[in-house]
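A quick write-up on the structure given underneath.
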Amino acid sequence: MTRVLERARRLRRELAFLLRLRVLPRGVAAYQWRARRLAWRLGDEFSLVSATEPEKLAALLSLAEDKHRVVELGTATGWTAISLLLADGQRVVVGYDIVERPELQMYLKLVSPAVRSRLELVCAPGEEGPRRDGHVDLLYIDSSHERAATIREVQAWAPALEDGALIVFDDFTHPEYPGVRESVQQLGLDGVERDGLFVHRMGAHQA
Ligand SMILES: C[S@@+](CC[C@H](N)C(=O)[O-])C[C@H]1O[C@@H](n2cnc3c(N)ncnc32)[C@H](O)[C@@H]1O
């Protein structure tokens, strides 16, 4: 009986999640659903808990419109990086993470080689900065969530960000990660808050 109840609860939760995916472009929603089902099969709790939620992902994708060179610090198992690639066929994403997670390869297999070829993975801390010359249109920070490390990340990537480029800080309002807000304050960055993200536009000064 308990197992039946558990299954019913999980089914309800998954249906609710499926409905939340409506805020995403169709291809991205389909990918997120397939990745989630794979996570359940793999017993990959980490991805189920840590991947960017649909509403926040929708906000990130809309901020990323026309941004073709994206860097994600804290790629984890790649759900957000892959979603960014699916949302725009011209986009390339470079993802940094200090942990090489084997599950990432499984989630990459859910998309075509053409999509996979637009993702570059770097196993290094985000604060290492760019490994090659070139501009970045959007820097998405979802890594250590610690004040000092986040500040170093921004400083390391700032030279690659031209006027108009965006820095998007995840978990800006998360009560467990005060370091994110503190880093924004210490850096004196202006910007707007959106679905738990803080968005700073390079070269823009809000009154
Ligand atoms: C919340 S998860 C990221 C989730 C991912 N952005 C997504 O949407 O699927 C945070 C990730 O940051 C990584 N991380 C922690 N400190 C880091 C650092 N200094 N540089 C790069 N990645 C880091 C962790 O290993 C973890 O995989």
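The values are calculated or read from the model by the stated rules, or taken from the named source; none is laboratory data. Bear in mind that the values here come from a model prediction, so they are computed numbers and not experimental data. Cβ atoms come from the backbone with ideal geometry, glycine included; neighbour counts cover every protein chain shown.
Among residues of the stretch 165-176 that are touching a residue at least 12 places away in the same chain (Cβ under 8 Å) and of a type in the set (V, I, T), those with a beta-carbon under 9 Å from a residue that is surrounded by 20 or more Cβ atoms within 10 Å (Cβ to Cβ) and part of a loop (DSSP other than H, G, I, E, B) at least six positions away or on a different chain give the pairs V168/A64; V168/D142.
The listed residues are D97, D171, D142, D137, and the only one of them that is of a type in the set (D, E), touching a His at 6+ places or on another chain (Cβ under 7 Å) and under 26 Å from R37 (Cα atoms) turns out to be D171. Within the stretch 129-154, residues that are closer than 17 Å to V94 by Cα sit with their Cβ atoms under 8 Å from residues that are more than 9 Å from the ligand (Cβ to nearest atom) and of a type in the set (F, W, Y), at 6+ positions apart or across chains, in these pairs: G129/W157; P130/W157; V136/W157; L139/W157; I141/F169.
Is there a residue in the stretch 19-33 that is more than 19 Å from K109 (Cα to Cα), more than 17 Å from the chain's Cα centre (by Cα) and of a type in the set (A, V, I, L, M, F, W, C)? Looking through the stretch 19-33, at least one residue is more than 19 Å from K109 (Cα to Cα), more than 17 Å from the chain's Cα centre (by Cα) and of a type in the set (A, V, I, L, M, F, W, C).
Here V192 passes the criteria (1) without any contact (Cβ under 8 Å) to a residue 60 or more places away in the chain; (2) under 19 Å from E65 (Cα atoms); (3) buried (at least 21 other Cβ atoms within 10 Å of the Cβ); (4) among the aliphatic types (A, V, I, L, M) except the one numbered (3).
Conditions tested, residue by residue: (1) among the charged types (D, E, K, R); (2) modelled with pLDDT of 95 or more; (3) in contact with a Lys or Arg (Cβ under 9 Å, 6 or more places away or on another chain).
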position: L108; (1), (2), (3): no, yes, yes
position: S112; (1), (2), (3): no, yes, no
position: S117; (1), (2), (3): no, yes, no
position: V122; (1), (2), (3): no, yes, yes
position: E127; (1), (2), (3): yes, yes, yes
position: Y140; (1), (2), (3): no, yes, no
position: V154; (1), (2), (3): no, yes, no
position: W157; (1), (2), (3): no, yes, no
position: G164; (1), (2), (3): no, yes, yes
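Within the stretch 76-100, the set of residues being near the ligand (Cβ under 7 Å from one of its atoms) and closer than 16 Å to G126 by Cβ comprises A76, G78, T80, Y96, D97, I98, V99.
Filtered by the rule that a residue be more than 21 Å from L61 (Cβ to Cβ) and either among the hydroxyl-bearing types (S, T, Y) or away from the ligand (no atom under 12 Å from the Cβ) (or both), the stretch 128-146 gives P130, R131, R132, D133, G134, S144. The listed residues are A30, A64, A76, A58, and the only one of them that is at positive phi and out of contact with any His (no Cβ under 9 Å at 6 or more places or on another chain) turns out to be A76.
What are the residues in the stretch 84-128 that are within 16 Å of G27 (Cα to Cα), touching a residue at least 40 places away in the same chain (Cβ under 8 Å) and over 15 Å from the mean Cα position of the chain (by Cα), if any? If the condition is that a residue be within 16 Å of G27 (Cα to Cα), touching a residue at least 40 places away in the same chain (Cβ under 8 Å) and over 15 Å from the mean Cα position of the chain (by Cα), then L110, V111 are the ones that fit.
Elements of the type helices (runs of 4 or more DSSP H) sitting completely within the stretch 43-151 and holding at least 1 residues that are surrounded by fewer than 15 Cβ atoms within 10 Å (Cβ to Cβ): these cover 45-50, 54-63, 103-108, 113-116. Restricting the first member to the stretch 36-57 and to residues that are over 14 Å from A81 (Cα atoms), and the second to residues that are more than 13 Å from the ligand (Cβ to nearest atom) and among the β-branched types (V, I, T), the beta-carbon pairs closer than 9 Å and six or more apart or on different chains are E55/V23. Residue count for the stretch 58-75, restricted to those that are without any contact (Cβ under 8 Å) to a residue 60 or more places away in the chain and either touching a Phe, Trp or Tyr at 6+ places or on another chain (Cβ under 8 Å) or within 7 Å of the ligand (Cβ to nearest atom) (or both): 1.
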